[in-house]
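The values are calculated or read from the model by the stated rules, or taken from the named source; none is laboratory data. Owing to the predicted nature of the structure, the values given are computational and were not obtained by experimental measurement. For neighbour counting, all protein chains shown are included, and Cβ atoms are generated from backbone atoms with ideal geometry for every residue, glycine included. Side chains included, ligands, DNA and RNA excluded: accessible areas come from the protein's heavy atoms. Shrake-Rupley method; radii C 1.70, N 1.55, O 1.52, S 1.80 Å.
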Amino acid sequence: MAMKFKNLISKRVVLVPTILQTCLIVITPLAVNAANFQSSETLRTTAHAFLIQQTAHLHEQETEITIGHLDRRLHLTECSTEPSAFLAPGAKLQGKLSVGLRCSGKKPWTVYIPAQIKNFAHIVTAAHSLQRGKQITDSDLMITKQDISQVRGGYFTQNKNVIGKILKRSLTAGQAFSVRNLKSPLLVRRGDEVVILASVGGIQVRVKGNALQDAALGERVPVRNKQSKRIIQGTAIKSGVVSVQM
């Protein structure tokens, strides 16, 4: 019985280092391989520095850059050179986008990381609710800081570019004025009598005519000369006045 016990102890003593050796054989290659993977944080830092450089020219705007994360299941071989960042052709430096990261080393790869750029600027917005057809006055306006990547159709930074315009659609308080929701007031209305101002050889000639359609400042409008009955094309330059180049 004693001999059997000793043999059992002897077997167990032999087995312990064998198990440790096996564990070392399994763990060591994994540790080595993990060290050879490209750091995802390094790639995020590279992408962030690249976008800061790309947006440096936006002096009048306050830029906020957020870099997303790569898929954790993605294991890229560590690049033997410094990975370079790039954007797809035509990519805009606002809203959601993807930054390309490229390794040109011995084992090249390309990966894309999600990002978001918010560009904040002080723009003209509605001071209160405004109805469609309203002609804008200074009291209707206020300047607020907004993410312009969320503004569709352009925006304005100065009140003077909005005052006097007509709303094409209703706005709520704080909503930005854009090129899409404004139009210039009509200077000429269809059927109205207008002054046709023509320049001939350095001499200005004024004749009366009738507008054949509505026109705002700078818009082309056909008019009929009341004397000759001839229809000519002119440009609305002020209320009731159409300029014609002869």
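Computed quantities for the displayed model
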{"item": "Among the candidates K96, K92, K168, residue that is charged (D, E, K, R), open to solvent by 80 Å² or more (accessible area, probe 1.4 Å), more than 26 Å from A56 (Cα to Cα) and modelled with pLDDT under 95", "result": "K168"}
{"item": "Every residue from the stretch 52-83 that is among the polar types (S, T, N, Q) and either open to solvent by 80 Å² or more (accessible area, probe 1.4 Å) or within 18 Å of G105 (Cβ to Cβ) (or both)", "result": "Q53, T77, S80, T81"}
{"item": "Which numbered condition I163 misses (of (1) over 30 Å from A91 (Cβ atoms); (2) hydrophobic (A, V, I, L, M, F, W, C); (3) part of a strand (DSSP E or B))", "result": "(3)"}
{"item": "Identity of the residue in the stretch 171-187, open to solvent by less than 30 Å² (accessible area, probe 1.4 Å) and either of a type in the set (D, E) or in contact with a Gly (Cβ under 8 Å, 6 or more places away or on another chain) (or both), that ends up nearest to Q233 (Cα to Cα)", "result": "N181"}
{"item": "Residues being within 12 Å of the chain's Cα centre (by Cα), surrounded by 14 or more Cβ atoms within 10 Å (Cβ to Cβ) and either charged (D, E, K, R) or in a strand (DSSP E or B) (or both) - total across the stretch 116-160", "result": "6"}
{"item": "Number of positions in the stretch 50-72 that are closer than 15 Å to F120 by Cβ, in contact (Cβ under 8 Å) with a residue 12 or more places away in the chain and in a loop (DSSP other than H, G, I, E, B)", "result": "4"}
{"item": "Qualifying residue in the stretch 178-186 (condition: more than 30 Å from K145 (Cα to Cα), at pLDDT below 95, touching a Pro at 6+ places or on another chain (Cβ under 7 Å) and not in a loop (DSSP other than H, G, I, E, B))", "result": "no"}
{"item": "Candidates R220, R190 - the one that is open to solvent by 90 Å² or more (accessible area, probe 1.4 Å), touching a Ser or Thr at 6+ places or on another chain (Cβ under 9 Å), within 30 Å of G133 (Cβ to Cβ) and at pLDDT 90 or above", "result": "R220"}
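So that you can scan it fast, the table gives a plain yes or no per residue for (1) without any contact (Cβ under 8 Å) to a residue 12 or more places away in the chain; (2) in a loop (DSSP other than H, G, I, E, B); (3) among the aromatic types (F, W, Y):
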{"site": "G191", "(1), (2), (3)": "no, yes, no"}
{"site": "V195", "(1), (2), (3)": "no, no, no"}
{"site": "S199", "(1), (2), (3)": "no, no, no"}
{"site": "Q204", "(1), (2), (3)": "yes, no, no"}
{"site": "K229", "(1), (2), (3)": "yes, yes, no"}
{"site": "V244", "(1), (2), (3)": "no, no, no"}
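For every residue, the table says whether it meets (1) at pLDDT 90 or above; (2) among the aromatic types (F, W, Y); (3) over 43 Å from the mean Cα position of the chain (by Cα).
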residue	(1), (2), (3)
K6	no, no, yes
I27	no, no, yes
Q38	yes, no, no
Q53	yes, no, no
A56	no, no, no
E60	no, no, no
L70	yes, no, no
